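A.B. asks: Just passing along the structure, written as structure tokens.
Any read-out appearing in this document is the output of simple, stated calculations on the displayed coordinates, not a laboratory observation. What you are looking at is a predicted structure, and each value in this text was computed from that prediction instead of being measured. Cβ placement follows ideal geometry from the backbone for every residue including glycine, while neighbour counts extend to all protein chains displayed.
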Amino acid sequence: MLTSVRSLMAATVLAGSAFVAAPAAAQDIGVEISANAAIVSEYRFRGVDLSGGDIAVQGGIDLALPAGFYVGTWGSSLDETTVGYGHTELDIYGGWSSEVAPGVTFDVGGIFYLYPNAGAGDFDYYELYSSVGFEAGPAGLTLGVAYAPKQDSLGNTDNFYIYSDVSVGLPGTPISIDGHLGYTDGFLTYTANSKAWDYSIGASVGLGETLSLGVAYVGAEGNSAPYNFVDDAVVVSLSASF
């Protein structure tokens, strides 16, 4: 795991140094570059623990292109001994997002989940997604859906996911309250009937212009003994955006 942690940290540092020269040229052609980095006490994906209860280091780079199009990449360290995906996840995605009405944003795209050092077998898969977001003052609501078609890595089955995210900023403070509820129907569950709910509720506080500290109570339905991938847990995160 140390190798993946160092690689992600190095990538973030190199990307940050490149941004010193890149923004002016990129903005000339209508491209905006942003980056993010985080340390989390556990990496939870739709309620499932992918870091074996250990700390994970994460980071990504996004390019906002003309006319609302975007591409990006994001990575996280994993637990290679209990999860089976190896010690690194790398996501590559692209899509289109735009404000279609005042306070209403629509987003559609696709994402590849890659596990470059996974063990024997096929673990990589792709997914199509869409969401609509609503904002009113300090409150925001997102409703989304994601669909992974039949693939060898999903046991030649598919996976359907629907979710809602709610965020409410506390007026006069840098604090927001965040909630999430999701439902999976397909391969990516730890239940006998391949159906599961996942959930989280938490809060985050902005620390200046770039840093944010968050804490959330996270879990999912299922039985993943003896590894406890879906047991409820408190997850703490420290993130930065550039």
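A.B. asks: Just subtract the alpha-carbon distance of LEU181 and ASN193 from 0.36 nm times their residue separation and send over the number in nm, one decimal.
C.D. replies: So the chain would gain 2.4 nm between LEU181 and ASN193.
A.B. asks: From the C-alpha gyration tensor of segment 92-185, pull out the three semi-axes of the equivalent ellipsoid (sqrt of 5λ each), sorted largest to smallest, in whole Å.
C.D. replies: In descending order, the three semi-axes are 32, 15, 12 Å.
A.B. asks: Describe numerically, in nm with one decimal, the distance between label points set 7 Å from Cα along Cα→Cβ at ILE201 and at ASP62.
C.D. replies: 2.7 nm
A.B. asks: Right, another one. Cα convex hull of segment 65-142: how many Å³ per residue?
C.D. replies: 115 Å³
A.B. asks: When each pair of different Cα atoms in the chain is counted once in the 1/r mean, what is the Kirkwood radius in angstroms, to one decimal?
C.D. replies: 19.1 Å
A.B. asks: In deg cm²/dmol, rounded to 500, what helix-only [θ] at 222 nm does the chain give when every DSSP H run of at least 4 residues adds -39500 (n - 2.57) and the total is split over its residues?
C.D. replies: -3000 deg cm²/dmol
A.B. asks: Then there is this: Can you bin every Cα-Cα distance in segment 176-242 into 5 Å intervals starting at zero and give me the percent of pairs per bin, rounded to whole numbers?
C.D. replies: Computed distribution, short to long bins: 4, 16, 20, 18, 15, 12, 9, 5, 1, 0.
A.B. asks: Given points 7 Å out from each Cα along the Cα-Cβ axis, report the SER97 to PHE45 separation in nanometres with one decimal.
C.D. replies: About 1.9 nm separates the two model spin labels.
A.B. asks: Same structure, new question: Inverting the mean 1/r over all pairs of different Cα atoms, compute the Kirkwood radius of segment 130-232 and quote it in Å.
C.D. replies: Computed over segment 130-232, the radius equals 15.5 Å.
A.B. asks: Counting alpha carbon pairs within less than 8 Å and at least 6 residues apart, what relative contact order, in whole percent, applies to the chain?
C.D. replies: Relative contact order of the chain: 14 percent.
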